[in-house]
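Notes to accompany the following structure.
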Amino acid sequence: MRSSGGRNSRKPSGANSRGAGGKRDAPQRRQGTPRPEERRYEKSGAPQGERPGGPGKGGRGRGGTPSRPARSREYEAQLEERTRARHTKPQRALPKTFGEPEGERLQKVLARAGMGSRRACEELIDQARVEVNGRIVTEQGLRVDPEKDEIKVDGLTVATQSYLFFALNKPVGVVSSMDDPEGRQNLGDYVDNRETRLFHVGRLDTETEGIILLTNHGELSHRLTHPRYGVKKTYLAAIQGPLPRDLGKRLRNGIQLDDGYAKADDFRVVENTGKNYLVEVVLHEGRKHIVRRMLAEAGFPVDKLVRTRFGPIALGDQKSGWLRRLSNTEVGMLMKEVGL
């Protein structure tokens, strides 16, 4: 009877645990876990007072390491602004000793100008054949400014800038202009596929054929056509004879024309077949129809006229209507001719 009475007198264990637990947990809830109305939720939806590790892990993250406290949106925005401000500060100008060296390596500039491969240009430097601003260079790796420094190889200036130089064998009937409002064939028809605008050096009349230079180097073009620099042009003229022996002397002494005297620098007979003569006339003047007017005034009208040389540039076997690019050596010879 005692045992049954004892069993009936006992209170259920669940009631004791809930009651005891309720009394024990109340202080803990007041000290650690905020009340529901005090909880703030982040974007993830988790209460700010609870950690992903759960209450069973005592506010620790994965592996038992303490997790960082949650940050408010205002604090995150401030951090982002500070980071941006730190990375957008203007860079301080470093001294030249710490920055990138100025200019380009000499052998690279020579190679780009067409003087050969970089290795070949290094050999030119080793052979003391290259000079910069009048000083012979023998060390490798010298840095230069292609736009300002004067670079020469074997005494000839190297065109390191973006200049173009062409020689055209102008046919008969082509107008010496880059464009013709009357629609006639002109020099521009031979270079219309070039992106860089070119202009002709001097002129040849429509009925005269031969070499004419095209370039975008203004100073060189000006000097080649200015009488002060005395650049000689060579012509072959077909005339009818017989010729007097003193014709060359008369031309060299000067022929009186409507616009003044005109003198030839040289004259010689190249070929003679019966009454047909092929003569060579060299002069540095560039007046209109100068060769034709001189020979006509001397009594020998010109049947055909060809310009075979402009300064050091010869026409050679270049066919009529063909355009060719001048070599670096030829460009250097032209520049030397006029002191560039």
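No lab work stands behind these numbers, since they all come straight from the coordinates. Please read all numbers here as calculations on a predicted model, not as lab measurements. Using ideal geometry, Cβ is built from the backbone for each residue, glycine included, and neighbour counts are taken over all protein chains shown.
Observations
- For region 293-332, the set of trypsin sites (Lys or Arg not before Pro) satisfying both a DSSP loop assignment and a count of at most 10 other C-beta atoms within 10 Å is given as 319.
- Dipole magnitude (debye, nearest 20) for region 111-258, charges at Cβ of Lys, Arg, Asp, Glu: 620 debye
- Pairwise label distance in nanometres, residue 336 with residue 205, each label 7 Å out on the Cα-Cβ vector: 3.5 nm
- Loop-located trypsin sites (Lys or Arg not before Pro) in region 166-260 (DSSP state not H, G, I, E or B) with no more than 10 neighbouring Cβ atoms inside 10 Å: 197, 245.
- Efficiency of FRET from Cβ geometry, residue 324 and residue 123, R₀ 25 Å, rounded to 0.05: 0.35
- Stretch gain in nm, segment residue 176-residue 192, where the contour uses 0.36 nm per residue and the Cα spacing is subtracted: 4.3 nm
- Restricting region 130-186 to chymotrypsin sites (Phe, Trp or Tyr not before Pro) in coil, as DSSP defines it, with at most 11 other Cβ within 10 Å: none
- Extended-chain gain in nm, criterion 0.36 nm per residue less alpha-carbon gap, residue 259 and residue 238: 5.1 nm
- Packing around the peptides 173-182, 266-275, taken as the average count of other Cβ atoms within 10 Å per residue, puts them in this order, highest first: 173-182, 266-275.
- Only Lys, Arg, Asp and Glu carry charge here, each on its Cβ (+1 for the first two, -1 for the last two); on that basis region 148-230 has a dipole of about 300 debye about its Cα centre.
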